[in-house]
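Worksheet for the structure shown next.
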Amino acid sequence: MLTYRRGRLFIDGVGAWRLAERFGTPLYAYSKKAILESFGRFEAAFSLRPTTICYAMKANSNRAVCALLAGRGAGAEVVSGGELLRALEAGFAPGRIVFSGVGKTDAEMALAIERAILAVNVESMEELEALEGVARRLGRRAPVSVRLNPDVDAGTHAHVSTGLAETKFGVEKAQAMAMFVKAMRSPHLKVLGIHCHIGSQIATVGPYKKAARAVAGLVRDLEGKGVALEFVDLGGGMGVAYGQGKGLGLGELSREFARVLAPWPEARLIVEPGRSLTAGAGVLLTRVLYRKQTTKRRFIVVDAGMNDLLRPALYGAVHPIWPERRRGGKGAAPADVVGPICESADFLGKDVRLPGCRRGDVLALLKAGAYGFSMSSQYNSRPRAAEVIVDGDDAVLARRRETLDDLVAAERGDQERKRSPAPRDCAGRSDLVE
């Protein structure tokens, strides 16, 4: 996906500097080829038994990105009514959409039932009762899957660990069984499956093995009560190697799932990759504004900040940073790549070596295709970045850059405000907004 040609960085067949010139910076660029290749790897790895690959849309919910995966037959895992609407707009078949999350509203449940999605993953007894009430009012049967919390440590960052009993997600085995029993007795609910998701950025198969065994135990108990589930959803969270280290081996994971679920060959397996489908397919392009040296640190100030890419500030995440232009000379001293946000936490990289870096240069933050734009904000009243899809030697705008007018478009004042004309984007480049 990323290559240097005659010292210039290319994303597939398009020069990174050309993208920056055409669309401005900060800019998210996604490789169509890389996204589809990632999906193909999952299809190949999980071919041992009937499997539906439901893309976890929270990783990157851009409609153009989602449409690529929907076109390949992927399903979707959503966690809000907004994501459900985005999934339907992108072309995901309703019967291949699962709805997770601990805090679904009645309106969101009604939308899921009316659109006839595959299943609502319920995460508490009260939620199950609320779903039953919504289904009763609509005169429909709601498709149900219960999310089991297996009390498994995924060995990942505390902010993205969801399988331990002290987290807010899912229910423990005894309550899960009680919820299944209640759902089976209700004329307004239809039990279809069981769900489990233990976290994100999981680098080894061990935690999945423990979680899958816990799920299998409950499936076996349900079978004893005459319940045959249509699917077993073992979640996502497959780790990606951002800097050093390795990602999760999909083949090994698939074989483990197939082994544990062998007693139920008719039950469809669902997996929910998000990050592992899009992270490596995306880069964040940013332009160097200033260089600064103090008695303690060297800084490279760029036009992207923590509002554009929150992961370094939130998780201490490390994204490789490459210069768009390779210049000769020896390696420069380490520098912190920082943004313009008024927070000391506003950094994109620490102790990064960028030899020959100059004001106006374009830098590329790699593996930014997941939890980049989807977690971005307008903090410090900064319009959000544009997004483009790179397709071979061409690029198509997938989301226009927000304007200064967009910042206040939803706000109302008591009096008509008189504003001086704002540029189409913060750089004053009206030609860049399509």
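Quick look at the numbers
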{"quantity": "Test: Val288 is crowded, with 24+ Cβ neighbours inside 10 Å, over 22 Å from the mean Cα position of the chain (by Cα) and either of a type in the set (S, T, N, Q) or over 30 Å from Lys190 (Cβ atoms) (or both)", "calculated": "no"}
{"quantity": "Filtered residue count, the stretch 71-92, keeping only those that are within 13 Å of Gly236 (Cβ to Cβ) and free of Cβ contacts under 8 Å to residues at least 60 places away in the same chain", "calculated": "4"}
{"quantity": "Test set (1) over 23 Å from the mean Cα position of the chain (by Cα); (2) modelled with pLDDT under 95 - Leu131 fails condition number", "calculated": "(2)"}
{"quantity": "Subset of the stretch 183-215 (residues that are touching a strand residue (DSSP E or B) at 6+ places or on another chain (Cβ under 9 Å) and surrounded by fewer than 17 Cβ atoms within 10 Å (Cβ to Cβ))", "calculated": "Met184, Lys190"}
{"quantity": "Hits in the stretch 392-411 - residues which are in a loop (DSSP other than H, G, I, E, B), crowded, with 16+ Cβ neighbours inside 10 Å and either modelled with pLDDT under 95 or not charged (D, E, K, R) (or both)", "calculated": "Thr403"}
{"quantity": "Cross-chain or 6+ apart pairs with Cβ under 8 Å, the stretch 347-363 first and not assigned by TED's automatic domain parsing to the domain that holds Phe10, then surrounded by 14 or more Cβ atoms within 10 Å (Cβ to Cβ)", "calculated": "none"}
{"quantity": "Hits in the stretch 302-326 (condition: surrounded by fewer than 22 Cβ atoms within 10 Å (Cβ to Cβ), among the charged types (D, E, K, R) and closer than 21 Å to Ser200 by Cβ)", "calculated": "Arg311"}
{"quantity": "Only one of Gly193, Gly226 that is touching a Phe, Trp or Tyr at 6+ places or on another chain (Cβ under 6 Å) and not in a helix (DSSP H, G or I)", "calculated": "Gly193"}
{"quantity": "Members of the stretch 9-24 found to be surrounded by fewer than 23 Cβ atoms within 10 Å (Cβ to Cβ) and under 23 Å from the mean Cα position of the chain (by Cα), listed by number", "calculated": "Asp12"}
{"quantity": "Complete set of residues in the stretch 291-320 that are among the basic types (Lys, Arg) and under 17 Å from the mean Cα position of the chain (by Cα)", "calculated": "Arg311"}
{"quantity": "Test: residue in the stretch 306-324 that is outside the structural domain of Ile194 (by TED's automatic domain parsing), modelled with pLDDT under 95, more than 24 Å from Glu402 (Cβ to Cβ) and not in a loop (DSSP other than H, G, I, E, B)", "calculated": "yes"}
{"quantity": "Hits in the stretch 289-315 (condition: touching a residue at least 12 places away in the same chain (Cβ under 8 Å) and more than 28 Å from Val14 (Cα to Cα))", "calculated": "Arg297, Arg298, Phe299, Ala313, Leu314, Tyr315"}
{"quantity": "Filter pass, Val102 being in a strand (DSSP E or B), touching an Asp or Glu at 6+ places or on another chain (Cβ under 9 Å) and touching a residue at least 24 places away in the same chain (Cβ under 8 Å)", "calculated": "no"}
{"quantity": "Failed condition for Ala262, given (1) surrounded by 22 or more Cβ atoms within 10 Å (Cβ to Cβ); (2) modelled with pLDDT of 95 or more; (3) part of a loop (DSSP other than H, G, I, E, B); (4) of a type in the set (Gly, Ala, Ser)", "calculated": "(1)"}
{"quantity": "Count of the stretch 30-89 residues which are of a type in the set (Asp, Glu) and either assigned by TED's automatic domain parsing to the domain that holds Phe257 or buried (at least 16 other Cβ atoms within 10 Å of the Cβ) (or both)", "calculated": "2"}
{"quantity": "Qualifying residue in the stretch 124-141 (condition: in a strand (DSSP E or B) and in contact (Cβ under 8 Å) with a residue 24 or more places away in the chain)", "calculated": "no"}
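The values are calculated or read from the model by the stated rules, or taken from the named source; none is laboratory data. Small disclaimer: the values here were computed from a predicted structure and weren't measured. For neighbour counting, all protein chains shown are included, and Cβ atoms are generated from backbone atoms with ideal geometry for every residue, glycine included.
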